[in-house]
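The values are calculated or read from the model by the stated rules, or taken from the named source; none is laboratory data. Small disclaimer: the values here were computed from a predicted structure and weren't measured. Here the Cβ positions follow ideal geometry from the backbone for every residue, glycine too, while neighbour counts run over all protein chains shown.
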Amino acid sequence: MDFAHSDKVLDLQRRLTDFMDDHVLPRNPQWHRDVAAGVYPPPFVADLKAYAKAEGLWNLFLPGLRDDEPGTRLTNIEYAPLAEIMGRVQWASEVFNCNAPDTGNMELMHLFATPEQYARWLRPLLEGEIRSAFAMTEPDVASSDATNIQTTIRREGDEYVVNGRKWFITNAAHPNCELVILLGVSDSDENAPRHARHSMILIPMDAPGLTVVRNIPVMNHVAPEGHCELVFRDVRVPASSLLGEEGQGFAMAQARLGPGRIHHCMRTIGQCEVAVELMCDRALERRTFGKYLADYANVQDWIAESRIEINQARLLVLEAAWALDKFGNKGARTMVSAIKVVAGRLQTRVLDRAIQLFGAMGLTPDTPLADLWTWGRALRFADGPDEVHLRGIARSELGKARENPARSSAYFTLPERLD
């Protein structure tokens, strides 16, 4: 089997790596200083975005881009190694307009937006002029089963009226966030099909009745872009704000989440690579009890196990990306679930080893390790908890067994039954 990337992707990897090394990494300390001082986003981010767009490193994630739209038209498997490179610095994806949840929202609107919605919302997102949020999760129900969602979308004449509460809404604190795409219940008939009661609505962030209650800390870490709690009290928007058709919301959400899930996993690979590099540097320069840390067998095991696990996860990411390209969201569902479970667990394991190797310093903001561990732990909830994905994988395997229940009988060597 040939695992090599195409010449096109290799060239993009080289160019993107050079851009990261020359323009992003040198500004990483300043980014953290500015954010700590309450300056967000730092002013230089806009300059980097303009430069990235001019260099053709823009909207790399969207395979369906038209010729008149800005960006580089890549398949999921072509995008995977590039997302890994961007993921090495947590804020870097925005520089290339490849940041969540904007990527998923752009994919969603690319599929379902009307011309009016395209002009008002999608085109500015494609140009990187605004940012957006996606409001699905709710505090009062188990949102791992999205059919539990209670926020209502009620039609009144030429308007929709939205009422409800959402939380962990990424980007809602970003000063450039102008749009939230909300998933809610539009069919009040509880006897209607469970997966046909939901719709999506486009709501401006400055709509009367929409309140940002708080930016919720994640593992006591406050993200500047926000993971916010939002309240919608009689928020009114024109009927033209409906995305797609009534009752399609659940299916649209699933279409949105497939690529978005593996984008997270791609970036995780890059963050784990950073952790291993830091582990190796630390092990080679730090001495305890007369020996370098690199001389201890357990430290060598941590490094070796991390390398093995990262490479395994990368192959699974690439398989999931290939399946998305070949079979679509539905056909790739099981593989996407598999890498989603693997990636979060991988990141917490690798980062835990790196933190242990760094000692107390690994717990501080002096290295990126604590933040990266926090994100790995959060990833086990984001876009569906591990347990939901494991359940789906098990269902797939059990379904195969039900289709061919006798396939395993030949492996048994039981003695013949004596009557």
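Which condition number in (1) outside any loop (DSSP other than H, G, I, E, B); (2) within 22 Å of residue 258 (Cβ to Cβ) is the one that residue 373 fails?
The single condition residue 373 does not satisfy is (2).
List the residue pairs whose Cβ atoms are under 7 Å apart, where the first residue sits in region 269-287 and is among the polar types (S, T, N, Q), the second is modelled with pLDDT of 95 or more and outside any helix (DSSP H, G or I), and the two are 6 or more positions apart or on different chains.
271/88
List the number of the failed condition for residue 330; all other conditions in (1) at pLDDT 95 or above; (2) surrounded by fewer than 20 Cβ atoms within 10 Å (Cβ to Cβ); (3) charged (D, E, K, R); (4) within 25 Å of residue 387 (Cβ to Cβ) hold.
Residue 330 satisfies all of (1) at pLDDT 95 or above; (2) surrounded by fewer than 20 Cβ atoms within 10 Å (Cβ to Cβ); (3) charged (D, E, K, R); (4) within 25 Å of residue 387 (Cβ to Cβ) except (1).
Has region 348-362 got any residue that is within 28 Å of the chain's Cα centre (by Cα), assigned by TED's automatic domain parsing to the domain that holds residue 308, over 27 Å from residue 297 (Cα atoms) and in contact (Cβ under 8 Å) with a residue 40 or more places away in the chain?
The answer is no; no qualifying residue exists.
Would you check if there is a residue in region 1-18 being small (Gly, Ala, Ser) and on the phi > 0 side of the Ramachandran plot?
no
If you take the residues in region 366-407 that are under 29 Å from residue 167 (Cα atoms) and of a type in the set (D, E, K, R), which one is surrounded by the fewest Cβ atoms within 10 Å (Cβ to Cβ)?
If we take residues in region 366-407 being under 29 Å from residue 167 (Cα atoms) and of a type in the set (D, E, K, R), then 387 is surrounded by the fewest Cβ atoms within 10 Å (Cβ to Cβ).
Please work out if residue 13 is within 22 Å of the chain's Cα centre (by Cα), under 19 Å from residue 273 (Cβ atoms) and assigned to a loop (DSSP other than H, G, I, E, B).
Spelling it out, it is not the case that residue 13 is within 22 Å of the chain's Cα centre (by Cα), under 19 Å from residue 273 (Cβ atoms) and assigned to a loop (DSSP other than H, G, I, E, B).
Please tell me if residue 243 is over 19 Å from the mean Cα position of the chain (by Cα) and among the hydrophobic types (A, V, I, L, M, F, W, C).
So residue 243 passes the test.
Can you pull out the helices (runs of 4 or more DSSP H) entirely within region 35-148 that have at least 3 residues that are crowded, with 23+ Cβ neighbours inside 10 Å?
Output list reads 76-87, 102-112.
Go through (1) under 28 Å from residue 315 (Cβ atoms); (2) more than 17 Å from the chain's Cα centre (by Cα) and name the single condition residue 80 misses.
(2)
Would region 12-34 turn up any residue that is under 27 Å from residue 69 (Cα atoms) and polar (S, T, N, Q)?
Yes, the conditions are met somewhere in region 12-34.
Which of the residues spanning region 265-281 are crowded, with 24+ Cβ neighbours inside 10 Å and either outside any helix (DSSP H, G or I) or not hydroxyl-bearing (Ser, Thr, Tyr) (or both)?
Within region 265-281, 265, 266, 267, 269, 271, 272, 275, 279 qualify.
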